[in-house]
Each structure stands twice: as C-alpha cells, then as structure tokens.
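Participant: One structure coming up, written as structure tokens, with questions to follow.
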Amino acid sequence: MKLDNTTECNLEDEWTALPADFSVTEFPNQAPTTLTESRMTLAGLAERIKSARAPSKAELPWLKLARFSGEANPATDSGCLRYNAGVVAISVSRPTMTARSCRCPTRPTSCAGPG
C-alpha cells in the first residue's frame with residue numbers, strides 16, 4: 001500500500017502480528033462518556049466494521065485496538081473517556097506495528113488535554 005510518495009506499508013504482513021483474539025474498545029462517539037470493551041478476532045472485527053450502520057459517518061462508533069482505563073480525562077470537565085493517557089494497553093504490541101513501519105497521519109483527539 002502506498003501511503004505517500006516515499007513510504008511503503010505492507011499491511012498484510014503486519015496483520016500477522018495480531019494474536020488470535022484481541023481487545024477492542026468501542027466508543028459511541030468522538031467525545032464519549034461510555035465505552036464497551038470486548039475481545040474479537042480479526043474476522044470478527046472485519047464483520048463488525050462491515051455491518052455497522054448509521055445515518056452519517058459521524059454517528060458510527062469509534063473502534064480502538066486498545067484498552068482504556070474507563071476514567072474520565074482529569075485535564076477536562078467533559079467526562080471524556082477517550083484520551084491518550086487513558087490507554088492502559090495496546091492490542092498490537094509488535095514493534096513493527098509502529099510509525100517506523102507504517103507512517104500514518106496523526107492528530108490529537110477531541111478529548112486531548114494536557115497529558
């Protein structure tokens with residue numbers, strides 16, 4: 001897969017880094033005050049994504065391959081559970097599944113505050 005003019009990313013090789021089942025956290029929206037955590041296989045995740053329906057993209061759930069603390073961001077009063085410091089474990093921990101092997105654009109979350 002060509003991501004930009006200089007970086008190649010072989011996702012097929014990288015997906016072999018996933019265990020048989022892994023943690024997926026589902027948030028109902030961009031600034032969630034609730035979350036649902038489950039374990040699923042790659043096939044289960046693909047089916048979850050393909051079967052998701054909503055009137056608009058903004059209303060689709062957010063799926064993260066990570067576990068979160070379930071505690072609201074202490075840097076804000078929003079009650080948001082989806083923030084960088086709230087991540088307690090990442091489902092894909094193989095070192096090659098990083099920006100070193102697959103450079104992707106990143107941006108702060110809407111709930112991001114200091115920390």
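Participant: Hey, among the residues in the range 17-36 that are surrounded by 13 or more Cβ atoms within 10 Å (Cβ to Cβ) and among the hydroxyl-bearing types (Ser, Thr, Tyr), which one's modelled with the lowest pLDDT?
Facilitator: Ranking the qualifying residues of the range 17-36, first place goes to Ser23.
Participant: With respect to Glu14, is the statement that it is modelled with pLDDT under 95, exposed (fewer than 12 other Cβ atoms within 10 Å of the Cβ) and over 15 Å from the mean Cα position of the chain (by Cα) true? Spell out how you get there, then give the answer.
Facilitator: Working: modelled with pLDDT under 95: yes; exposed (fewer than 12 other Cβ atoms within 10 Å of the Cβ): no; over 15 Å from the mean Cα position of the chain (by Cα): yes.
Judged against the criteria, Glu14 is not a match.
Participant: Considering only residues that are surrounded by 14 or more Cβ atoms within 10 Å (Cβ to Cβ) and assigned to a helix (DSSP H, G or I), which ones fall in the range 37-64?
Facilitator: Leu42, Gly44, Leu45, Arg48
Each row is one residue, and each column tells you yes or no for (1) modelled with pLDDT of 55 or more; (2) of a type in the set (Val, Ile, Thr); (3) touching a Ser or Thr at 6+ places or on another chain (Cβ under 8 Å).
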{"site": "Asn84", "(1), (2), (3)": "yes, no, yes"}
{"site": "Val88", "(1), (2), (3)": "yes, yes, yes"}
{"site": "Met97", "(1), (2), (3)": "no, no, no"}
{"site": "Arg103", "(1), (2), (3)": "no, no, yes"}
{"site": "Pro114", "(1), (2), (3)": "no, no, no"}
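The values are calculated or read from the model by the stated rules, or taken from the named source; none is laboratory data. Bear in mind that the values here come from a model prediction, so they are computed numbers and not experimental data. Reconstructed Cβ throughout: ideal geometry from the backbone, glycine too, with neighbour counts over all protein chains shown.
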